[in-house]
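To start, the structure under review is shown below, and the notes come after it.
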């Protein structure tokens, strides 16, 4: 927003008098720009009643902004009028135009949402609210503020796309008048426009707005480069005017000859796109050959391909420069045939063939929906024009509560480059460039992504991190018991896939931690002489509320999760719970207390947690000592990291126990572990050919899987220590493997690795 200066009625006269008096013509121009007449010329598509509603909104906004000036010195109302006029060029409905006129009223004038509902109805008020920044909330950084404001805007636009259209109109007018702002703000506002608003305009197919925002941002971000390029393009335009006219005459004659009715329109590359091409490809201005082009607008899709044939007979096509965006539309709904031809004097000229409807969509994008939605009862154009993308943003929002994380997802999905791949049933899928097989799986459905185990590209098995290329046929292999792997976050490209994986892992961790927390609290309660947790019933509601006030948690579920993650100590919570239960007449059982307290681990006042390896996120096996079934073990409730299991002989665990003993709980192995466990071994060998192979073969013979190996770098020594991480069933299995290794030729010693520091 441009700066708003709120002033009283008494000050208004002084503020409206600039240091140099306005000329009569300037004052008249200001008055004209601030009047409703500046808007009425664009409203001929609305009926009389709708125009009157828009007029009422104008009067309300004019009154609300009375006495406020823009940085340029113009009455502030000129800005809402300009925003509404831009929306009118997109033929938006009366509600959107009213919201455009009122879009700053809540933020700058103290008008409430209730006021707008009373005056103009809930739909208009919702639109205005979606456009209002979160100025009442305090954020730590400007980036966080921006991310949260942008998130609110996206959430509102996912419900109603008119919000983003008004927002883009607002940003466009602010960029047109950026010269009136302090120069110190140019870089920040221009960068934000290039990084956020221009890509959104592109994503929604608003081509004219996209091009204008880019050029305006370029002009204010790099003024000197902009003016140098502008002069170069002007000179080139003058030099090539005759050539462009010659091409136009020849093309007109060719289509007249075959009796095809076409409309020919010139197209010039924007200064920013020329600058980007020069910058990215390290070209001089003279080397950029496709500055000029033509759009050939024809009656039907068949005529597009006919026109292509006519042009290819006239001029030689440049190899590799033909694109069919009709058969495979762009992500934003854009459709056209593109071809680059070698014109007169060897100059490359791009031609784009499209129908009138395609041209409308190419220029106005999602806004074109309002122009022909009456003809489209099933809503397929709106689906094609970005509704799916908007809905995907809402899905990500529902799973991502952190504004900065959401911001990262959105920036990835705004990246305009795309690859087009096929499902086995030949359905086309568009994904951002760099997307992987896992991104493809989540694009089909979140359940497909979650259950992915393998994939085939063009009937060949490939790793899940494989990047997709145009034309790939991708088949996903799923398994009902499979689940997302945290390692996928290292290579997925789309915001949808990333948010789905994170959401699944967070939910899984929370569910498991909640179960562990409930088990720990029950065991701590038994050590206090009470055999079971109080039920969640109306009778016990007061008891649970008092306990939650004591712990600071919002719900029973959150309390159990915090206990499972080690953020709350189960024994402390249990002692408080005993006091509260005693108030209700429940008394501890002395026999149960004695049995629980004195038959378990002597340092722990809770019963033991049984481990079988089926725990996922809630239990971690310490990498410093890598315990396996059969080892004596200790459980440490780390702050926020759940239960960490250490070997009882681990020096790291002993140091923790010395300074943080209340966080240790007794843990025991189950009689039937459900999987293999990793442990570390160190093998000292004499150097020689094939030694590593012999050691590995002996481990394989012992049925111990090698998951990692490293060794000393000093290769010239007589002996070397090989360090392995192996997967075994239990301690007996590990000892058997070590025994076999000690009998192997060239092995001097073999032992388990434990931290000794």
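The values are calculated or read from the model by the stated rules, or taken from the named source; none is laboratory data. This structure is a prediction, so every number in the text was calculated from the model and none was measured. Methodologically, a virtual Cβ is constructed for each residue, glycine included, from the backbone with ideal geometry; neighbour enumeration extends over all protein chains shown.
Check whether at least one residue in the stretch 499-517 is crowded, with 20+ Cβ neighbours inside 10 Å, in contact with a strand residue (DSSP E or B) (Cβ under 7 Å, 6 or more places away or on another chain) and assigned by TED's automatic domain parsing to the domain that holds residue 574, and report yes or no.
Checking the stretch 499-517: at least one residue is crowded, with 20+ Cβ neighbours inside 10 Å, in contact with a strand residue (DSSP E or B) (Cβ under 7 Å, 6 or more places away or on another chain) and assigned by TED's automatic domain parsing to the domain that holds residue 574.
Assess whether residue 421 counts as being under 26 Å from residue 328 (Cα atoms), out of contact with any strand residue (DSSP E or B) (no Cβ under 9 Å at 6 or more places or on another chain), surrounded by 14 or more Cβ atoms within 10 Å (Cβ to Cβ) and modelled with pLDDT under 85. Walk me through how you get there before you give the answer.
On the way: under 26 Å from residue 328 (Cα atoms): yes; out of contact with any strand residue (DSSP E or B) (no Cβ under 9 Å at 6 or more places or on another chain): no; surrounded by 14 or more Cβ atoms within 10 Å (Cβ to Cβ): yes; modelled with pLDDT under 85: yes.
Here the answer is no, as residue 421 does not meet what is asked.
Conditions: (1) within 37 Å of the chain's Cα centre (by Cα); (2) buried (at least 17 other Cβ atoms within 10 Å of the Cβ); (3) assigned to a loop (DSSP other than H, G, I, E, B). Residue 554 meets all but one. Number of the miss?
With (1) within 37 Å of the chain's Cα centre (by Cα); (2) buried (at least 17 other Cβ atoms within 10 Å of the Cβ); (3) assigned to a loop (DSSP other than H, G, I, E, B) applied to residue 554, the lone miss is (2).
Condition first: touching a residue at least 40 places away in the same chain (Cβ under 8 Å) and outside any helix (DSSP H, G or I). Now tell me which residues in the stretch 508-532 satisfy that. Outline the logic, then answer.
Filtering the stretch 508-532 down to residues touching a residue at least 40 places away in the same chain (Cβ under 8 Å) leaves 508-510, 512-521, 523-531.
Answer for the stretch 508-532, where residues must be touching a residue at least 40 places away in the same chain (Cβ under 8 Å) and outside any helix (DSSP H, G or I): 528, 529, 530, 531.
Among 645, 609, 628, 619, which is buried (at least 18 other Cβ atoms within 10 Å of the Cβ), outside the structural domain of residue 726 (by TED's automatic domain parsing) and modelled with pLDDT under 75?
Working: 645 fails: modelled with pLDDT under 75; 628 fails: modelled with pLDDT under 75; 619 fails: modelled with pLDDT under 75.
609 is the lone residue from the list that is buried (at least 18 other Cβ atoms within 10 Å of the Cβ), outside the structural domain of residue 726 (by TED's automatic domain parsing) and modelled with pLDDT under 75.
Please state which one of 56, 11 is at pLDDT 85 or above and part of a helix (DSSP H, G or I).
Values: 11 fails: at pLDDT 85 or above.
Going through 56, 11 in turn, just one is at pLDDT 85 or above and part of a helix (DSSP H, G or I): 56.
If I filter the stretch 253-270 down to residues being part of a loop (DSSP other than H, G, I, E, B) and in contact with a helix residue (DSSP H, G or I) (Cβ under 6 Å, 6 or more places away or on another chain), which single residue comes out as farthest from residue 308 (Cα to Cα)? I'd like the intermediate steps shown before the answer.
Of all residues in the stretch 253-270, those part of a loop (DSSP other than H, G, I, E, B) come to 259-262, 269-270.
The next check asks that each one be in contact with a helix residue (DSSP H, G or I) (Cβ under 6 Å, 6 or more places away or on another chain); those that pass are 262, 270.
Details: 262: 12, 270: 24 Å.
Restricting to residues being part of a loop (DSSP other than H, G, I, E, B) and in contact with a helix residue (DSSP H, G or I) (Cβ under 6 Å, 6 or more places away or on another chain), the top hit is 270.
Out of all the residues in the stretch 320-329, is one or more under 26 Å from residue 431 (Cα atoms), out of contact with any helix residue (DSSP H, G or I) (no Cβ under 7 Å at 6 or more places or on another chain) and touching a residue at least 60 places away in the same chain (Cβ under 8 Å)?
Yes; the residues of the stretch 320-329 include at least one that is under 26 Å from residue 431 (Cα atoms), out of contact with any helix residue (DSSP H, G or I) (no Cβ under 7 Å at 6 or more places or on another chain) and touching a residue at least 60 places away in the same chain (Cβ under 8 Å).
Quick one: in the stretch 458-507, which of the residues that are over 21 Å from the mean Cα position of the chain (by Cα) and in contact (Cβ under 8 Å) with a residue 40 or more places away in the chain is farthest from residue 325 (Cα to Cα)?
Per the criteria, the residue is 475.
Could you please let me know if residue 586 is over 42 Å from the mean Cα position of the chain (by Cα), surrounded by fewer than 20 Cβ atoms within 10 Å (Cβ to Cβ) and modelled with pLDDT under 85?
yes
Name the one entry in 521, 559 that is in contact with a helix residue (DSSP H, G or I) (Cβ under 9 Å, 6 or more places away or on another chain), at pLDDT 80 or above and within 21 Å of residue 660 (Cβ to Cβ).
Working: 559 fails: within 21 Å of residue 660 (Cβ to Cβ).
Being in contact with a helix residue (DSSP H, G or I) (Cβ under 9 Å, 6 or more places away or on another chain), at pLDDT 80 or above and within 21 Å of residue 660 (Cβ to Cβ) holds for just one of 521, 559, which is 521.
Confirm whether residue 537 is in a loop (DSSP other than H, G, I, E, B), surrounded by fewer than 18 Cβ atoms within 10 Å (Cβ to Cβ), on the phi < 0 side of the Ramachandran plot and under 34 Å from the mean Cα position of the chain (by Cα).
Working: in a loop (DSSP other than H, G, I, E, B): yes; surrounded by fewer than 18 Cβ atoms within 10 Å (Cβ to Cβ): yes; on the phi < 0 side of the Ramachandran plot: yes; under 34 Å from the mean Cα position of the chain (by Cα): no.
Taking the combined requirement at face value, the residue does not satisfy it.
Residues that are surrounded by fewer than 22 Cβ atoms within 10 Å (Cβ to Cβ) and modelled with pLDDT of 85 or more: list the helices (runs of 4 or more DSSP H) wholly contained in the stretch 138-244 that include at least 2 such residues.
Because the criterion is at least 2 residues that are surrounded by fewer than 22 Cβ atoms within 10 Å (Cβ to Cβ) and modelled with pLDDT of 85 or more, the helices (runs of 4 or more DSSP H) in the stretch 138-244 that meet it are 162-176, 186-192, 207-221, 223-239.
Please enumerate the residues belonging to the stretch 93-103 that are crowded, with 23+ Cβ neighbours inside 10 Å and either modelled with pLDDT under 90 or over 13 Å from residue 51 (Cβ atoms) (or both).
Matches in the stretch 93-103: 96, 99, 100, 102, 103.
Hey, can you tell me all the residues within the stretch 650-675 that are surrounded by fewer than 17 Cβ atoms within 10 Å (Cβ to Cβ) and assigned to a loop (DSSP other than H, G, I, E, B)?
660, 670, 671, 672, 674, 675
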